[in-house]
Amino acid sequence: MDWKLDWDLAVTRNSKALKAIIEVLFALLGLDGTGAAQRIPRSLHSAVLAVLRPAESAVRRLIVVAARNVVVKLAPSRPMPKGKVIGKGGGSRPPAFRLCDTRKDFPELRERRVRYSKYPPRILFLRPESRIDELWPRPQPKAAPVAPDGLAPAARLHRRLQALKAALDDLPRQARRMARWHQRRAAMPGPVYRSPLRPGPPPGHRKRKIHEVDEVLANCHWLAWEALKLDTS
């Protein structure tokens with residue numbers, strides 16, 4: 001018996017689960033009409049972010065699945081109107097949802113490339129009291145200052161959550177955006193990456209599943225890579 005994946009049913013089921021999760025986040029932040037605060041307790045900020053990150057990754061992978069058979073025609077490029085700034089428009093339109101995963105950054109490798117691209121290699125002599133970590137000092141990340149009232153700004157969480165909900169509510173539109181992104185990448189002579197998904201685990205992935213969103217992300221991650229295999233075959 002041949003097993004065949006029902007793509008539409010998979011998208012519908014995972015979308016329904018994600019919408020229920022997003023409704024809870026809206027209620028926690030007061031975006032459901034109960035009064036959204038601009039500053040919230042830091043514990044609440046961390047709790048919402050711990051669910052928001054994997055939810056964004058799951059929706060991004062659902063968009064990849066929804067775009068697997070979408071064919072679009074790219075409009076001819078045209079110069080941006082003078083004086084217009086991207087992302088500074090007014091109105092109540094939610095911000096655009098990010099289609100691509102954030103790539104992992106390795107500052108040690110980046111600093112090493114910059115250093116040796118400008119200066120020739122140096123010969124180092126180790127003293128008996130020298131330590132290996134002195135050869136490659138790693139800058140310590142600066143901790144964000146903690147507000148004395150124990151509150152954290154919530155405006156950025158509000159925008160990300162609104163963009164997430166808007167994308168999930170209109171997957172066909174997001175699928176057309178993804179199809180256009182793929183076409184633009186295919187037309188580039190040497191893009192840095194051709195897949196909207198980064199290699200390895202997705203952003204927000206947790207080895208130990210502690211929330212419903214973790215299971216949804218695992219399902220959507222598998223579906224997205226299966227859909228990408230169909231596009232490249």
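A short reminder: the numbers here are calculations on the coordinates, not readings from a lab. None of the values given here were measured: they were computed from a predicted structure. Using ideal geometry, Cβ is built from the backbone for each residue, glycine included, and neighbour counts are taken over all protein chains shown.
Per-residue Cβ neighbour counts within 10 Å put Cys220, Cys100 in the sequence Cys100, Cys220, beginning with the fewest.
If R0 equals 25 Å, the separation of the Cβ atoms of Trp222 and Asp169 corresponds to a calculated FRET efficiency of about 0.60.
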